[in-house]
Amino acid sequence: MSQKLILASTSPFRKELLDKLNLVFDTAKPDVDETPLPEETATALVERLAIAKAQAIAPEFTDALIIGSDQVCVNQGQILGKPGNIANAFAQLKAASGKRITFYTGLALLNTQTGTVQSLVEPYVVQFRALSDQMINHYLEKEQPFNCAGSFKSEGFGIALFESLEGKDPNSLIGLPLISLINMLEKENFPVLG
């Protein structure tokens, strides 16, 4: 395990998730245009951006394993990003009320020594409760999730918005599929459990 481990993100949520694995790692901010390409699907978008984020910081690290990740929320075929403000967050939650929403998280692991890239897209489905305007406003006032895709923090008070969650790894909903990442790291001879 002589290679450094680098998280190509300055997201506090992804850093907190990676901290769960008790690994030594650094973070670096990738400079990547996240604009979807014409006709690009949600799954193609997040996989492309996860790889691009890892590759964007690769020149800084010649002997490293770089983790890239990206996430979007899809409601009835429409890709939703981070709301940025209360009005957009309200609109996203209002549109999600009573519906099944799918989150797609792209994950990439780049070995800068060999040039090998592993990547995948992990879906996670959220069934929202029927939400009144009052419930939405109360939630937004308490948690202010304006920098989160879908306008909620499932690891916090956002859990009150849901009826059910379906997926392989609840960490993927927050932005970093740890179970899949562990498998990728092991393929690069970087065992998490020793």
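If we only count strands (runs of 3 or more DSSP E) wholly inside the stretch 1-107, which ones have 3 or more residues that are surrounded by 14 or more Cβ atoms within 10 Å (Cβ to Cβ) and touching a helix residue (DSSP H, G or I) at 6+ places or on another chain (Cβ under 9 Å)?
Fully inside the stretch 1-107 and qualifying: 4-7, 64-75.
Of the residues that sit in the stretch 137-150 and are under 18 Å from Glu16 (Cα atoms) and crowded, with 18+ Cβ neighbours inside 10 Å, which one is modelled with the highest pLDDT?
So the residue we want is Glu143.
Taking into account only those residues within the stretch 11-50 that are of a type in the set (Gly, Ala, Ser) and within 13 Å of the chain's Cα centre (by Cα), which is nearest to Asn111 (Cα to Cα)? Before you say what the answer is, go through the steps one by one.
Applying the first criterion (of a type in the set (Gly, Ala, Ser)) to the stretch 11-50 yields 11, 28, 42, 44, 50.
Next cut, within 13 Å of the chain's Cα centre (by Cα) only: 11, 42, 50.
Working: Ser11: 21, Ala42: 25, Ala50: 14 Å.
Going through the qualifying residues, I end up with Ala50.
Could you please tell me which pairs satisfy a Cβ distance under 6 Å, a separation of 6+ or placement on different chains, a first residue in the stretch 99-118 that is under 12 Å from Ser69 (Cβ atoms), and a second residue that is hydroxyl-bearing (Ser, Thr, Tyr) and buried (at least 24 other Cβ atoms within 10 Å of the Cβ)?
Going by the 6 Å Cβ cut-off, the qualifying pairs are Thr105/Ser172; Leu107/Ser69.
Residues that are assigned to a helix (DSSP H, G or I), on the phi < 0 side of the Ramachandran plot and either at pLDDT below 95 or surrounded by fewer than 17 Cβ atoms within 10 Å (Cβ to Cβ) (or both): does the stretch 110-119 have at least one? Step through it out loud before you land on a result.
Restricting attention to the stretch 110-119, the residues satisfying the condition of being assigned to a helix (DSSP H, G or I) are none.
Within the stretch 110-119, none of the residues are assigned to a helix (DSSP H, G or I), on the phi < 0 side of the Ramachandran plot and either at pLDDT below 95 or surrounded by fewer than 17 Cβ atoms within 10 Å (Cβ to Cβ) (or both).
For the stretch 159-167, state whether one or more residues are on the phi > 0 side of the Ramachandran plot and modelled with pLDDT under 95.
No, the stretch 159-167 contains no residue that is on the phi > 0 side of the Ramachandran plot and modelled with pLDDT under 95.
Condition check ((1) more than 19 Å from Leu107 (Cβ to Cβ); (2) surrounded by fewer than 20 Cβ atoms within 10 Å (Cβ to Cβ)) across all residues:
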position	(1), (2)
Phe152	yes, no
Glu155	no, yes
Glu163	yes, yes
Gly167	no, yes
Asn171	no, no
Leu176	no, no
Pro191	no, yes
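Looking at the stretch 69-95, I want the residues that are without any contact (Cβ under 8 Å) to a residue 12 or more places away in the chain and have a partner that is surrounded by 15 or more Cβ atoms within 10 Å (Cβ to Cβ) and outside any loop (DSSP other than H, G, I, E, B) with Cβ atoms under 7 Å, at least 6 apart or on another chain. Which pairs are those?
none
If we keep just the residues of the stretch 120-136 that are crowded, with 20+ Cβ neighbours inside 10 Å and not aliphatic (A, V, I, L, M), which is farthest from the chain's Cα centre (by Cα)?
Per the stated criteria, the residue is Phe128.
The values are calculated or read from the model by the stated rules, or taken from the named source; none is laboratory data. Computed from a prediction, not measured in an experiment: that's the story for all the values here. No Cβ is skipped: glycine too gets one built from the backbone with ideal geometry, and neighbour counts run over all protein chains shown.
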